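Every number here is computed from the coordinates shown, using simple stated rules; none is lab data. Since we're looking at a predicted model, the values are computed, not measured. Because the Cβ atoms are built from the backbone with ideal geometry, glycine has one as well, and the counts that use them run over all protein chains shown.
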């Protein structure tokens, strides 16, 4: 069993669905793990998806089309107390279906500096046809855990931005905290049907 699990969204009643991030030009930096420490964005906001007009609930984690972890202040504070290496908290608002601010108290939980830890011998994956350093799909995920720096508790895999990985003991602490909208799956469960 791996020491790491995959962070996923867990549905809850009326959970809003986010799309259309505004207030930031370099959205690719959110996916590729580039730090925003020197130029923290301000005025960033996600907009609720109009396809789900009755879903307005704002839990501790919010579903979004960018595959980012969007967390409440309570979740941000919980993680910040742990002084997790290579993790930034980027403030973001949430705009409702009527273009009104639903909340200004959310954060992109942004792991920086992805880790080159995919076990390329045991994993089954497809490299991007345009850039062999990028991975377009993983159908069997195995990590080379010896390549993961000891202090990394939350990270993304270098070249594959679709997943956020969490060290098992931290995942257990998050679950014990009773946060809504969060579940963790084993590496062997990826990809989910």
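Structure data summary
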item: Nearest-0.05 FRET efficiency for residue 140 and residue 56, computed from C-beta distance (R0 30 Å); result: 0.20
item: Stretch gain in nm, segment residue 132-residue 185, where the contour uses 0.36 nm per residue and the Cα spacing is subtracted; result: 16.4 nm
item: Stokes-Einstein diffusion coefficient of the chain, Kirkwood radius over Cα pairs, 10 °C, 1.306 mPa s, in µm²/s; result: 92
item: Computed label-point distance, nm, for sites residue 26 and residue 122 using a 7 Å Cα→Cβ extension; result: 3.6
item: Spatial extent of the stretch 107-167: Rg and Dmax, with the Cα atoms as the point set, Å; result: 11.6, 36
item: Descending semi-axes in whole angstrom, ellipsoid equivalent of the stretch 140-193, from the Cα gyration tensor; result: 19, 16, 10
item: Cα extents of the stretch 8-54 along the three principal axes, largest first (Å); result: 38, 22, 14
item: Descending semi-axes in Å of the stretch 85-189, equivalent ellipsoid built from Cα gyration tensor; result: 28, 19, 14
